[in-house]
Amino acid sequence: MRNMGAHVEVRRGIRSASGRAELWRGLRRRLDEYSLTLRLLLKRPLAAAGLLITLLYVGIAIAASFLPDRDVLQTNFTTAYPQPPWWWGNGTPGSWFGTTYPGIDLGMAIFKAIRIDLYYSSIVVLGGAIVGMLVGLVAGYKGGLFDEGLMRSTDVAYSIPFLVFAIAVAYVISRDFTTLNLSLLILWWPPYARLVRSQVLAVKANMFVEAARAAGASDLRIMFRHILPNTLAPVFVQVSLDLGVVIQIFAALIFIGFVPHSGYLPELGALIFYGFGSEPTSYPWTILFPGLALVIFTVGVNLLGDGLRDVLDPRLRR
């Protein structure tokens, strides 16, 4: 009996060591795939420029978290009027981007706006991507009534214009930045559900899925261990493209008054609105710099998304 117990313990140890070795090999393969993706991405100048711009904005967003809010307001609200940058002519000494109405340091405000826009846009896009991936994964793997019911729900959600929905939610609840994020998040998952479902239908027909099922793997393990990782490439591309779209939506809605402009809001659309209301022909920098910050980020993430679409092509990875 003691010998049998010892043999059982030995077999358990062997299986445990084998499992750890398999996990490590899987991690190494995953890291090799990421390294290959990065190398292919850097070989494309436009994609590399998009990656650099995106990382720069992420760095600005992180750094802006440590900037005190008091440095944004440089002058008194009642007497302030826009001052040009120091290099603009008779500019304000020490100010790189000048000020906007009413006495807001534009450089500090743009840094804060990038942090807020990037943070909330990431919540909307990543939240929608997670919900959509789960819906598409279950619908594509289970099929039948699950697929039919989830996809019809997706079609209903996809048919609702999100701008109209955002305005309606604001009318019912309140006009604030949180409501805007919530209304976009509710309707941002259907494209990801359709995308992942189509990928799942192709992946689950492969032999390695049949082998996992024959080995006794549960449905959850097959879905999340074997199928989902093989559907993430187009999701990454869609996420990078959607970040620029959501930031533009934020800026457009806030500029037209979705969120009241009664107080200072460090957001790119609000900064453009402040400049637009302070004689933009006389103070062009008040619109130029927030607008450039918005355009450069949008172009950067779109270049990154286009580059990812190319480098994730299986034909380039052979």
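Brief remarks follow.
- Between Gly244, Phe224, Ile173, the Cα set farthest toward the positive side of the dipole of region 173-298 (charges on each charged residue's Cβ, about the Cα centre) is that of Phe224.
- Exposure proxy order (Cβ contacts within 10 Å, fewest to most) of Asp242, Asp306: Asp306, Asp242
- Take each peptide in 161-167, 221-227, count the other Cβ atoms within 10 Å of every residue, and average; sorted highest first, the result is 221-227, 161-167.
- Electrostatic bookkeeping for Gly50 treats Lys and Arg as +1 and Asp and Glu as -1; over the other residues with beta carbon under 11 Å from its beta carbon, the sum is 0.
- Phe276 versus Val299: modelled label distance in nm, points set 7 Å from Cα along the beta carbon direction: 2.1
- Three-way shape call for region 44-317 based on the alpha-carbon gyration tensor, with the a/c threshold at 1.5: prolate
- Listed by chain and number, the lysines whose C-alpha is less than 18 Å from the C-alpha of Lys204, apart from same-chain residues fewer than 8 away, are Lys142.
Read-outs: derived from the displayed coordinates by stated rules, not from any lab. What you see is a predicted model; the values in this text were computed from it and never measured. Note: ideal-geometry Cβ built from the backbone for every residue, glycine included; neighbour counts use all protein chains shown.
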